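Please read the structure below before turning to the comments.
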């Protein structure tokens, strides 16, 4: 097995590094200056073809030929110097590729450019109090009358909805159809009468998630993505990107590095915890899992570069990554001992202290639910991946 990049790709890496040396001096301590510098840098990176590579130029992207390995090199080099990448948020990560695949020309021209720049901030409206893992059971209604959709219902666990201007959501538009067949994918302006966004206080002290109530809210008739009642198919695109985003190997490798550092600092008696045989065995097992995820990601990258479907391994990646992430956080919690009783830091706060592991532990539980609960992922893998029957009966 040869995991090295070819000479042409290493030349490309050198070009990316030269660009970064010229245009990125590192994050500015001043928040306002940092935001402006990031904006200017992104414009230069788009012009150079390094950001928004899949987005056409007419929509604000760099419109590059698809090259999985070049994309991976860009991620590696930008991460190495902590350079800005695409604007963070579900709009870019989830909605943008969905619009590129299913949106009309008018929708793309209206929403994609200002989502790319961060002017349009989005929230996701999928889960409901009675429709989480079984998303197709959603009850939020949208009725088309007088040239617009009138929406009534409730969404929950919408990350950052209190900060967003728009929402992409699923609503039931055909009450007589089978539950998967009667759903449409709508775009909605959240800043209107009839919409009530309520942040939910979390045990971490933050309020990242929100519940959103719709009482005769409305959206234009042509703000539907894809065909009417075909929203379930459109939503599959969004969930595919969400699961890939949540299950990324970088989200596992870096916490493991911090865990090893914690084991060196924590004490068991008079010696560092990492010198304990049982702790070392546990770290070794986790290291093996992280390595498996890492090399699985290499395999998926290689398959994608050849235009091949990774198949079942892609379904396993998010589930396995969630499990390993929780194991890392649980090990850290035990190493912390009484320090775990410290109050978790609030969302958005920065801390170099040991207490930030509290946030990591609680977040690792949430990741096992986000983008499809782990038990649901197991069902999908068993039934759709392995062809097992839905029931032993």
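The values are calculated or read from the model by the stated rules, or taken from the named source; none is laboratory data. All values derive from a computational prediction rather than experimental measurement. Because the Cβ atoms are built from the backbone with ideal geometry, glycine has one as well, and the counts that use them run over all protein chains shown.
Between 67, 88, which is modelled with pLDDT under 95 and farther than 23 Å from residue 122 by Cα?
Working: 88 fails: farther than 23 Å from residue 122 by Cα.
Just one listed residue meets the conditions, 67.
Filter region 155-165 down to residues that are under 22 Å from residue 226 (Cα atoms) and surrounded by fewer than 23 Cβ atoms within 10 Å (Cβ to Cβ), then give me how many there are.
Selection size over region 155-165: 1.
So is residue 216 without any contact (Cβ under 8 Å) to a residue 24 or more places away in the chain, part of a strand (DSSP E or B) and in the same structural domain as residue 146 (by TED's automatic domain parsing) or not? It would help to see each step written out before you state the result.
Details: without any contact (Cβ under 8 Å) to a residue 24 or more places away in the chain: no; part of a strand (DSSP E or B): yes; in the same structural domain as residue 146 (by TED's automatic domain parsing): yes.
It is false that residue 216 is without any contact (Cβ under 8 Å) to a residue 24 or more places away in the chain, part of a strand (DSSP E or B) and in the same structural domain as residue 146 (by TED's automatic domain parsing).
To keep it simple, each residue is scored yes or no on (1) over 16 Å from residue 124 (Cβ atoms); (2) in contact with a strand residue (DSSP E or B) (Cβ under 9 Å, 6 or more places away or on another chain); (3) not assigned by TED's automatic domain parsing to the domain that holds residue 152.
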| residue | (1), (2), (3) |
| --- | --- |
| 187 | no, yes, no |
| 190 | no, yes, no |
| 194 | yes, yes, no |
| 201 | yes, no, no |
| 205 | yes, no, no |
| 209 | no, yes, no |
| 222 | yes, no, no |
| 227 | yes, yes, no |
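Every residue in region 86-115 that is assigned to a helix (DSSP H, G or I) and surrounded by fewer than 16 Cβ atoms within 10 Å (Cβ to Cβ), please.
The first filter runs over region 86-115 and keeps only residues assigned to a helix (DSSP H, G or I), leaving 90-102, 105-115.
Selection gives 101, 105, 106, 109.
Hey, can you tell me all the residues within region 336-389 that are at pLDDT 80 or above and assigned to a loop (DSSP other than H, G, I, E, B)?
The answer is 386, 387, 388, 389.
Quick check: anything in region 73-85 surrounded by 14 or more Cβ atoms within 10 Å (Cβ to Cβ), in contact with a helix residue (DSSP H, G or I) (Cβ under 7 Å, 6 or more places away or on another chain) and within 23 Å of residue 307 (Cα to Cα)?
The answer is yes, given that some residue of region 73-85 is surrounded by 14 or more Cβ atoms within 10 Å (Cβ to Cβ), in contact with a helix residue (DSSP H, G or I) (Cβ under 7 Å, 6 or more places away or on another chain) and within 23 Å of residue 307 (Cα to Cα).
Of all residues in region 120-157, which are modelled with pLDDT of 95 or more, closer than 16 Å to residue 93 by Cβ and not in a strand (DSSP E or B)?
Across region 120-157, the qualifying residues are 120, 121.
So residue 71 fits all but one of (1) touching a residue at least 40 places away in the same chain (Cβ under 8 Å); (2) under 23 Å from residue 236 (Cβ atoms); what number is the exception?
Failed condition: (1).
Would you be able to say whether some residue in region 31-40 is under 28 Å from residue 297 (Cα atoms) and in contact (Cβ under 8 Å) with a residue 40 or more places away in the chain? First the steps, then the outcome.
The initial filter retains those residues of region 31-40 that are under 28 Å from residue 297 (Cα atoms), namely none.
Looking for residues that are under 28 Å from residue 297 (Cα atoms) and in contact (Cβ under 8 Å) with a residue 40 or more places away in the chain, one finds none in region 31-40, hence no.
May I ask you to verify whether residue 233 is modelled with pLDDT of 85 or more, surrounded by fewer than 17 Cβ atoms within 10 Å (Cβ to Cβ), under 24 Å from the mean Cα position of the chain (by Cα) and closer than 30 Å to residue 142 by Cα? Before you say what the answer is, go through the steps one by one.
Values: modelled with pLDDT of 85 or more: yes; surrounded by fewer than 17 Cβ atoms within 10 Å (Cβ to Cβ): yes; under 24 Å from the mean Cα position of the chain (by Cα): yes; closer than 30 Å to residue 142 by Cα: yes.
Here the answer is yes, as residue 233 does meet what is asked.
If a residue has to be within 30 Å of residue 99 (Cα to Cα) and either modelled with pLDDT under 95 or part of a loop (DSSP other than H, G, I, E, B) (or both) to count, how many in region 10-39 make the cut?
Residues that pass the stated criteria total 6.
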